[in-house]
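Below is one structure, written out as structure tokens, with a few remarks after it.
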Amino acid sequence: MGKVLVIAEKPSVGRDIARVLGCRNKGEGLLAGGDYIVSWAVGHLAALCDPEDYNPAWKKWSMEALPIMPEQMQLHAVTSGRAQLAVLKKLLHNPDVDSLICATDSGREGELIFRYIYQLCGCRKPFQRLWVSSMTDEALREGFASLRPGADYDNLFASARCRSEADWLVGINASRAYTLKYNTLLSIGRVQTPTLAIIVARAQEIAAFVPEEYWEVRADFGLPDGQTYWGLWQDQAGKTRLTGPAAAEQAKALLAAVKGRPAQVLQLSREEKSQPPPLLYDLTELQRDCNRRYGYSAQKTLDIAQSLYERRKLLTYPRTDSRYLSDDLAPHLAGRVQRLAALPQLGALAAPLLGQPLPLSKRIIDNSKISDHHAIIPTEGALRLDGLTQDELRVFRLVAMRFLAVFYPPYRYAVTKVLTQVQTEANPQGELFASRGQEVLQAGWQAVYQQLQDWEAAEGPPKKAAAPKKGEEEQQLPSLQQGQAAQVLAAKSSRKKTQPPKPYTEAGLLSAMENAGRFVEDEALREQLKENGLGTPATRAAIIERLLKVGYIRRQGKSLLPTEKGERLVEVVPPELKSPETTGKWERGLAAIAGGRMTDAVFMASIRRYVQYLVQDCRTSNRFVRFPAEPRRYKRANPTAGQRKTAAAPKNAAKKSAEK
């Protein structure tokens with residue numbers, strides 16, 4: 001019987017798989033033993049060819065040559081990976097190798113990495129697919145015991161290939177067309193450009209914001225037993241702000257009218273509320289939380305989570321878009337809680353969950369809300385935290401605490417609203433003051449996060465507390481009864497201004513990318529886009545980094561701000577290129593291909609029509625702006641009428657604009 005060749009995505013994963021399979025004999029780019037040979041890629045070893053590989057004339061950047069649309073897309077070896085590709089090609093054609101196992105990452109891009117290698121090397125041997133969500137030895141053994149035919153993932157590969165080819169076509173053609181027209185090297189892509197447009201729109205909203213002045217009046221009330229509380233003045237419609245030219249005088253008059261006056265509790269209501277635990281983490285929510293708490297970039301969080309998955313074996317597959325678990329995990333969850341109970345910091349939080357069935361619900365277990373991978377949770381293997389960096393410990397702790405929190409009871413509290421009437425001489429109906437208080441009835445899952453805040457405070461300088469929202473300040477109200485008498489002890493007025501929207505942080509931008517449908521006016525399409533945002537959880541960090549690299553946005557503290565170049569680009573591209581609607585349709589189409597509901601031919605035909613439109617629109621548009629001067633990166637040849645007829649450009653300059 002011949003050997004089975006296992007191809008992993010990177011050397012570190014290959015070594016883990018080799019250990020589980022007992023492959024200890026080292027070779028050039030491989031480990032062998034028994035029935036298996038384990039080798040690996042180093043990320044993408046094969047990629048779509050450059051334009052000049054199809055036609056040497058396409059090396060020159062020329063508007064007349066556009067659109068560049070090869071009839072059949074071809075592959076070539078990535079220069080940096082040619083040595084390892086040669087190793088794989090030799091193994092793929094080794095007569096001793098009868099079959100293969102695809103062990104690249106269990107997702108769209110992992111499938112593309114393996115299939116491109118398989119295709120470029122001209123292999124025809126049968127292969128199976130390893131699909132795991134954890135890199136522990138136990139998970140790998142289970143995965144190898146339940147391999148699936150490679151053909152089961154043909155639709156996933158078709159989706160990945162369409163994504164790759166569509167990004168190439170849009171990136172090459174749009175980037176060249178706009179670079180040529182505006183004589184500035186411009187990078188354009190179907191995800192990065194609408195993402196940039198979102199940042200620019202927020203900056204424009206901030207720039208156009210005109211603050212409005214308003215006044216608030218607060219009264220402090222005393223009760224006969226010495227207890228106190230306070231309230232904000234409100235009008236009969238419930239508004240607490242005094243606005244307009246006479247607002248200052250009105251506030252002054254109110255102070256004089258209510259000072260020292262008797263009052264009574266006019267209305268009192270108490271409502272008990274319950275807040276369930278938050279859902280488990282997907283990658284985007286983990287990135288948001290790490291950005292809010294620790295200032296980590298989306299890319300940094302992804303890198304840390306990937307390390308905790310691959311190297312430390314502490315977390316399950318991080319590049320997931322699901323916040324739920326599958327029902328086959330249910331019997332194993334108690335064991336994971338038990339392992340967390342043995343850890344120093346987490347033991348006290350896990351202890352209340354031990355010795356009783358875990359409360360599983362649709363908020364935790366729901367197969368219908370899982371595509372490729374379930375939510376990020378701790379693995380079921382040994383949890384060894386010694387040797388972790390502070391960053392790794394923080395990310396693991398967030399995931400572990402979220403995993404424990406979902407099994408805790410709801411947070412229960414009571415909200416009390418009080419309306420106090422102050423008798424005044426000027427107003428027979430009296431002036432009204434609104435008070436609001438909150439009482440914790442059951443800490444529930446919030447006890448987990450209170451503990452986290454305590455740990456974070458002990459680890460570093462205290463974070464600046466977030467200011468309460470206007471009109472939503474809380475207080476501990478005394479026991480009150482309707483009709484109860486009170487007295488105004490003091491009153492004061494405050495002059496305030498409305499505030500502009502805040503610039504996007506990475507946490508906010510990730511939310512905007514995930515929920516891009518809210519930027520679409522068409523109601524039906526907005527509903528459809530709830531399932532498809534800008535990019536995927538696995539690619540959003542790279543998009544943000546790409547925008548920074550090409551100089552379209554910049555960081556200022558935690559804020560992301562557009563540069564002049566980024567603002568100018570958004571001015572000149574057509575609405576279709578900067579609208580989340582377009583890329584949302586793409587992602588929906590790619591998901592339909594993966595699910596077998598659309599053919600790749602139909603999808604790619606629409607992409608080619610779109611590329612033709614983009615080039616023609618660029619040629620004929622009169623959207624002329626001046627981009628900021630930059631060091632020239634390419635040679636100019638006879639610029640005429642605002643565009644160059646021919647120009648040489650750095651190899652792959654436009655290709656690099658395509659998002660993955």
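By the helix-only formula, in which each DSSP H run with n ≥ 4 contributes -39500 (n - 2.57) and the sum is divided by residues, the chain has a 222 nm mean residue ellipticity of -11500 deg cm²/dmol. Note on the stretch 177-239: Cα convex hull, mean projected area over all directions, 9.7 nm².
Inverting the pair-averaged 1/r between distinct Cα atoms of the stretch 30-84 gives 14.0 Å as its Kirkwood hydrodynamic radius. With a Förster radius of 25 Å applied to the beta-carbon distance between Thr228 and Ala256, the computed FRET efficiency rounds to 0.70. Between the Cα long axis of helix 283-294 and the first principal axis of the chain there is an angle of about 50°, rounded to the nearest 10.
The Rg/Rh ratio of the stretch 330-418, with both radii computed over alpha carbons and Rh defined as the Kirkwood radius, is 1.03. Relative to the longest principal axis of the Cα atoms of the chain, the long axis of helix 11-21 lies at roughly 80 degrees. Computing Rg and the Kirkwood Rh from the Cα coordinates of the chain gives a ratio, Rg/Rh, of 1.05.
Stokes-Einstein diffusion for the stretch 243-382, with the hydrodynamic radius set to the Kirkwood value over Cα pairs and evaluated at 20 °C in a medium of 1.002 mPa s, equals 111 µm²/s. The long axis of helix 446-459 is offset from the longest Cα principal axis of the chain by roughly 80 degrees.
Normalising by residue count, the stretch 1-136 has a Cα convex hull of 123 Å³ per residue. Kirkwood hydrodynamic radius of the stretch 143-248, from the reciprocal of the average inverse Cα-Cα distance over all distinct pairs: 21.3 Å. Extent of the stretch 155-201 along its three principal axes (Cα atoms, max minus min coordinate, largest first): 40, 25, 9 Å.
Test of understanding: what is the full-extension gain from Gln345 to Asp454, defined as 0.36 nm times their sequence separation minus their Cα-Cα distance?
Separation in residues times 0.36 nm, less the Cα-Cα distance, equals 38.1 nm.
Taking each of Lys125/Lys313; Lys417/Lys492; Lys300/Lys497; Lys26/Lys313; Lys496/Lys578; Lys273/Lys362 in turn, the alpha-carbon distance tops 27 angstrom for Lys125/Lys313; Lys300/Lys497; Lys496/Lys578. Amide H to amide H, with H built 1.01 Å from N, Leu100 comes under 5 Å of Leu5, Phe127, Gln128, counting only residues 5 or more places away or on other chains. Across the chain, the longest piece that holds none of the GluC sites (Glu not before Pro) lying in DSSP loops with up to 16 other C-beta atoms within 10 Å covers 213-424. Using a probe radius of 1.4 angstrom, the carbon and sulfur fraction of the accessible surface of the chain is 50%.
Annotation for the stretch 122-155 versus the stretch 175-212: alpha-carbon center distance of 42 Å.
Quick one: accessible area per residue over the stretch 27-174, 1.4 Å probe, rounded to a whole number of Å²?
Numbers: 5920 Å² over 148 residues.
For the stretch 27-174, the per-residue accessible area is 40 Å².
Longest stretch of the chain clear of exposed loop sites (chymotrypsin sites (Phe, Trp or Tyr not before Pro), DSSP loop, at most 14 other Cβ atoms within 10 Å, sites excluded): 210-623. As a length-normalised measure over Cα pairs under 8 Å and 6 or more apart, the relative contact order of the stretch 359-435 settles at 22 percent. Here the contact order of the chain, divided by its residue count and restricted to Cα pairs under 8 Å and six or more residues apart, works out to 21 percent.
The values are calculated or read from the model by the stated rules, or taken from the named source; none is laboratory data. In this text the structure is predicted, and so the values were computed from the model without any measurement. Positions of Cβ are generated from backbone atoms using ideal geometry, with glycine treated the same way; all protein chains shown enter the neighbour counts. Side chains included, ligands, DNA and RNA excluded: accessible areas come from the protein's heavy atoms. Shrake-Rupley method; radii C 1.70, N 1.55, O 1.52, S 1.80 Å.
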